[in-house]
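Notes to accompany the following structure.
The values are calculated or read from the model by the stated rules, or taken from the named source; none is laboratory data. Computed from a predicted structure; not experimentally measured. Don't worry about glycine lacking a Cβ; one is built from the backbone with ideal geometry, like all the others, and counts go over all protein chains shown. Accessible surface areas use protein heavy atoms only, side chains included; no ligands, DNA or RNA. Shrake-Rupley method; radii C 1.70, N 1.55, O 1.52, S 1.80 Å.
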Amino acid sequence: MKLLLIGVGGVGQSVASIIKRAGENGKWMEKIVLADYNLDRAKEVEAVLGDARFVADKVNAKDPESIKAVAKKHGVDFILNAVEPLFDEVIFDTAYELGVGYMDCAMSLSKRHPERPYEECGVKLGDYQFAKADAWKEKGLIACCGSGVEPGMADVFAKYAAKHLFDEIDELNVRDGDNYTGAGDFGFSIWTTIEECLNPPVIWEKEKGWFTTESFSEPEIFEFPGGIGPVEVINIEHEEVLLMPRYIDCNRVTFKFGVSRDMRTMLKNLEALGMDSATEKIKIGDQEITPRDFLVKVVPSPVESTKTMKGKGCAGVWVTGKKDGKQRSVYLYQIADCEECMEKFGTNSVVAQTAMGPVIMLDLIANGIWNTPGVNGPEAFDPDEFVKRMEMYGFAPGLQERPSEYSAMLDNKAMMEVIK
């Protein structure tokens, strides 16, 4: 595979570092163009990697002609979009025009319902891309959308649970929490954090379809494994809720994330001041810029501010339903330690986890294992080889059997084996 990697921030650097560190297991990647608007940043990562397969170049993700020129210059056959989803539509359409495969970590953006934003969906995440699914399928091209960790790995876990662990699924509940310290306010993309936290959260129910709720609604305490412990999580807008019901038969899908109360207050204050806007422009000197883009420029970069971050982050999906006629509850997850990720990949665990998903999916596509053309989420593909490859790339998966009728049966069986 010859890959055009658009965006060499934390996620982009992590993608390259994970492939580099994989050694022989990463030889399926023939070339990666480290393309960024900031060429110096791309060259810095190129120098750190010290591998002839990784080549820095400049690209303007807003400009289709710039993307086409870089893609043709390097003869790429696949594009990985690792920038903010603000650029998804341009990069997605340009990949189609070029006749190459496409992957992103987050789908095309939503737009609020004009009259009832906290009750009804307007334009949903990914609607722009799924509307073009037939055209991609007819052209025989793969567009794998929502392919990070959440969305991405969590979606694969949901499909794995449906295939192997359950006969009937009631709920798919993505839960993300951590015990990070020393990260500053933003451990991930500032632009994306504001977008997903302040947009109306989406929930899906079989009887109602997709609908929205108030920001930070339905707080609950979720007990995370790996020593993280109890974390208060709340609803935010996220792609899994828009993807999982398309492919997996279930009754309800939610996404809840551990956003601290102080962070929620800060985000709501930014919203009240209009500093969250990604459309209205303000004039600074001779230039016009959106308030959100202004924040991105003045707030310390997460790439730098998280270098001293400590702790663990846990991403996964809590699945409930029935197995062998008994109620079952399982949490499939992946835990990443920040200090370990900094040592292995030179990036914090938040962005390293996000990069793991597309690396494994690109591996599967390059090796012909995932080969379904069209616009799809990760649930459209067989999950087994993805899960098998996780530990090989340094991100071992976990499965926690939570209290249920089924777990009680397993406990009883285990005891009977002991006393035989």
Next on the checklist: Considering only region 388-407, I want to know if a residue exists there that is assigned to a helix (DSSP H, G or I), open to solvent by 20 Å² or more (accessible area, probe 1.4 Å) and within 29 Å of LYS310 (Cβ to Cβ).
Outcome noted: yes
Next on the checklist: Among the residues of region 141-176, what is the count of those that are part of a strand (DSSP E or B) and touching a Lys or Arg at 6+ places or on another chain (Cβ under 6 Å)?
Outcome noted: 3
Checklist entry - Do we have any residue at all in region 373-384 that's part of a helix (DSSP H, G or I) and among the β-branched types (Val, Ile, Thr)? => result no
Checklist outcome for this item: Residue set GLU340, GLU288; condition touching a Ser or Thr at 6+ places or on another chain (Cβ under 8 Å), surrounded by fewer than 18 Cβ atoms within 10 Å (Cβ to Cβ) and not hydrophobic (A, V, I, L, M, F, W, C); output residue GLU340
Item to check | Single unsatisfied condition, ILE369 versus (1) touching a residue at least 60 places away in the same chain (Cβ under 8 Å); (2) in contact with an Asp or Glu (Cβ under 7 Å, 6 or more places away or on another chain); (3) outside any helix (DSSP H, G or I) | outcome: (1)
Next on the checklist: Taking the criterion of being open to solvent by 40 Å² or more (accessible area, probe 1.4 Å), touching a residue at least 40 places away in the same chain (Cβ under 8 Å), in contact with a Cys (Cβ under 9 Å, 6 or more places away or on another chain) and closer than 29 Å to PHE386 by Cβ, would at least one residue in region 311-323 satisfy it?
Outcome noted: yes
Checklist outcome for this item: Those residues of region 150-166 that are within 12 Å of the chain's Cα centre (by Cα) and open to solvent by less than 10 Å² (accessible area, probe 1.4 Å) come to a total of 6
Item to check | Evaluation of GLU171 against (1) of a type outside the set (Lys, Arg); (2) within 21 Å of the chain's Cα centre (by Cα); (3) buried (at least 22 other Cβ atoms within 10 Å of the Cβ); (4) within 30 Å of ALA336 (Cα to Cα) (one fails), failing number | outcome: (3)
Checklist outcome for this item: By my count, helices (runs of 4 or more DSSP H) wholly in region 68-140 with at least 1 residues that are more than 18 Å from the chain's Cα centre (by Cα) and surrounded by fewer than 16 Cβ atoms within 10 Å (Cβ to Cβ) are 88-98, 133-138
Item to check | Test: residue in region 259-273 that is among the small types (Gly, Ala, Ser), over 22 Å from ASN348 (Cα atoms) and free of Cβ contacts under 8 Å to residues at least 40 places away in the same chain | outcome: yes
Checklist outcome for this item: Scanning region 174-196 residue by residue, the ones that are more than 19 Å from GLY152 (Cβ to Cβ) and either open to solvent by 20 Å² or more (accessible area, probe 1.4 Å) or at pLDDT 85 or above (or both) total 7
Item to check | Pairs, first among the basic types (Lys, Arg) in region 129-158, second open to solvent by less than 10 Å² (accessible area, probe 1.4 Å), C-beta under 7 Å, six or more apart | outcome: LYS132/VAL375; LYS137/GLY374
Checklist entry - Within the set of pairs 6+ apart or on separate chains, which have a first residue in region 208-235 that is in contact (Cβ under 8 Å) with a residue 40 or more places away in the chain, a second that is part of a loop (DSSP other than H, G, I, E, B) and small (Gly, Ala, Ser), and C-beta atoms under 7 Å apart? => result VAL231/GLY258; VAL233/GLY258
